[in-house]
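Below is one structure, written out as structure tokens; the observations come after it.
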Amino acid sequence: MEKAPVLVLAPLPDFLMNPLRTAHLCHDYFHAEDKEALLNEVGATIRGITMSGGSVSPVALLERLPKLEIISVFGVGYDGVPVDWCREHGIRVTNTPDVLTEDVADMASALVLMTSRRLIAANRFLHAGSWKQGPFPLAHALHGKLAGIVGLGRIGKAIAHRLEAHGMRIAYHGRTRQEVRWDYFESLTGMARVADFLVVACPGGASTKHLINADVLEALGPEGTLVNIARGSVVDEAALIAALQAGTIRGAGLDVFENEPQVPDALMKCENVVLTPHLGSATHETRAEMARLVVENLAAHFSGAALLTPVC
Ligand code: NAP
Ligand code: 8YV
């Protein structure tokens, strides 16, 4: 059978690219020096796209691919895909839900622990030999504190369970109230006002852009900490930096940033932050499962079978 031509929009690991290359005719758009020449050469033949959760497939690019049938995202977040446009044009979209939930929730709860107990600063303190001069300053307890989850979906719920195990109280904000035991806040600012930790776990994209703005950060207040494992676009990064510098919030634990892999110097210079380079799902086990879903979704589509994890 002839291999279907697939355009690769992101740098993807070998354990994903190897099976993709075996099954399809892969064209590396991400690394192509002359992207225009590549599109002119193969654009009219392309039937599939693969990309990561953090990458983008703009309409202007998709319009150059008249035979495109499917976009298979290596990630659960598909805010980089114009899903409504794809639906209108009969293009299928798949993602990798569930298999990464536990790892991403682990990362969120690690950021909560690391910010509350100031583990990075403590590690630096010990390595600098400062312990001999005196003890590291006291940090803050988690038990009894309130974690407000923004976006109580698959990952948000897994975070809530972990933070409960640390003795924290849980509340959540989203567009809809759910049948759960935790308190619902229709108002995000209202939840921020009472929360000790605001943990962001909603999707990215236009509808959540800068949901965490200066007003929400002001409501979180000087004893509050922001943790974001969702998307950088959800947080107004300039407002966050201003709040961290002024001490109008206590700290932040961030796995995602507005303009990855660029992280503003001003943010990196803040003492009260823990920053990780988008590592939520970055374990051997989970990335292998994500890769399997990408490969199997494409295989299912091109063999006429039902998609495993369709978005549309
Ligand atoms: P999910 O199950 O679809 O949950 C998303 C939740 O967000 C839902 O509960 C939804 O509830 C809520 N939500 C949607 N729009 C909202 C809004 N405007 N305001 C507040 N809440 C809103 O998705 P998931 O599997 O948990 O994944 C969540 C996100 O995590 C992904 O989209 C991705 O961006 C991010 N992620 C990051 C990493 C990483 O490596 N850091 C890894 C995986 C995923 P309502 O519909 O009731 O509002
Ligand atoms: C990945 C993610 O880092 O699933 C998502 O939405 O952001 C992450 O799991 C990414 O998609 C792989 O590059």
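Some observations on this one:
Residue-by-condition table, conditions (1) within 22 Å of A105 (Cβ to Cβ); (2) touching a Lys or Arg at 6+ places or on another chain (Cβ under 7 Å); (3) more than 16 Å from ligand 2 (Cβ to nearest atom); (4) at pLDDT 95 or above:
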{"site": "G247", "(1), (2), (3), (4)": "no, no, yes, yes"}
{"site": "L254", "(1), (2), (3), (4)": "yes, no, no, yes"}
{"site": "E258", "(1), (2), (3), (4)": "no, no, no, yes"}
{"site": "V263", "(1), (2), (3), (4)": "no, no, no, yes"}
{"site": "H278", "(1), (2), (3), (4)": "yes, no, no, yes"}
{"site": "S281", "(1), (2), (3), (4)": "yes, yes, no, yes"}
{"site": "R287", "(1), (2), (3), (4)": "yes, no, no, yes"}
{"site": "V294", "(1), (2), (3), (4)": "yes, no, no, yes"}
{"site": "H301", "(1), (2), (3), (4)": "no, yes, yes, yes"}
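- Contact annotation: residue pairs with Cβ atoms under 8 Å, 6 or more positions apart or on different chains, pairing a residue in the stretch 281-306 that is touching a residue at least 24 places away in the same chain (Cβ under 8 Å) and surrounded by 21 or more Cβ atoms within 10 Å (Cβ to Cβ) with a partner that is aromatic (F, W, Y) and part of a helix (DSSP H, G or I), are A291/F15.
- Looking only at the stretch 80-108, residues that are touching a helix residue (DSSP H, G or I) at 6+ places or on another chain (Cβ under 8 Å), within 16 Å of ligand 1 (Cβ to nearest atom) and open to solvent by 60 Å² or more (accessible area, probe 1.4 Å) come to 3 in all.
- For the stretch 176-209, a residue qualifies if it is closer than 25 Å to M114 by Cβ and either near ligand 1 (Cβ under 10 Å from one of its atoms) or open to solvent by 40 Å² or more (accessible area, probe 1.4 Å) (or both), and the qualifying residues are L188, R193, V194, V200, A201, C202, P203, G204, T208.
- Residue check for L68: open to solvent by less than 20 Å² (accessible area, probe 1.4 Å) and not acidic (D, E): yes
- Helices (runs of 4 or more DSSP H) lying entirely in the stretch 1-105 (those with 1 or more residues that are within 12 Å of V294 (Cα to Cα) and without any contact (Cβ under 8 Å) to a residue 12 or more places away in the chain): 14-23
- Subset of the stretch 141-156 (residues that are without any contact (Cβ under 8 Å) to a residue 40 or more places away in the chain and open to solvent by 60 Å² or more (accessible area, probe 1.4 Å)): H143
One line per residue, one yes/no per condition, for (1) open to solvent by less than 50 Å² (accessible area, probe 1.4 Å); (2) under 25 Å from A160 (Cα atoms):
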{"residue": "L220", "(1), (2)": "yes, yes"}
{"residue": "T225", "(1), (2)": "yes, yes"}
{"residue": "I229", "(1), (2)": "yes, yes"}
{"residue": "V234", "(1), (2)": "yes, yes"}
{"residue": "A238", "(1), (2)": "no, no"}
{"residue": "R250", "(1), (2)": "no, yes"}
{"residue": "L267", "(1), (2)": "yes, no"}
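To keep it simple, each residue is scored yes or no on (1) of a type in the set (S, T, N, Q); (2) under 30 Å from A141 (Cβ atoms).
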{"position": "S55", "(1), (2)": "yes, no"}
{"position": "F74", "(1), (2)": "no, no"}
{"position": "G90", "(1), (2)": "no, no"}
{"position": "R118", "(1), (2)": "no, yes"}
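- Cβ pairs under 6 Å, 6+ apart, first in the stretch 239-264 and more than 18 Å from G54 (Cα to Cα) and touching a residue at least 12 places away in the same chain (Cβ under 8 Å), second of a type in the set (S, T, Y) and in a strand (DSSP E or B): R250/T225; G251/T225
The values are calculated or read from the model by the stated rules, or taken from the named source; none is laboratory data. Given the structure is predicted, the values throughout are model-derived calculations rather than measurements. For neighbour counting, all protein chains shown are included, and Cβ atoms are generated from backbone atoms with ideal geometry for every residue, glycine included. Please note that ligands, DNA and RNA were not included when accessible areas were found on the heavy atoms of the full protein model with its side chains. Shrake-Rupley method; radii C 1.70, N 1.55, O 1.52, S 1.80 Å.
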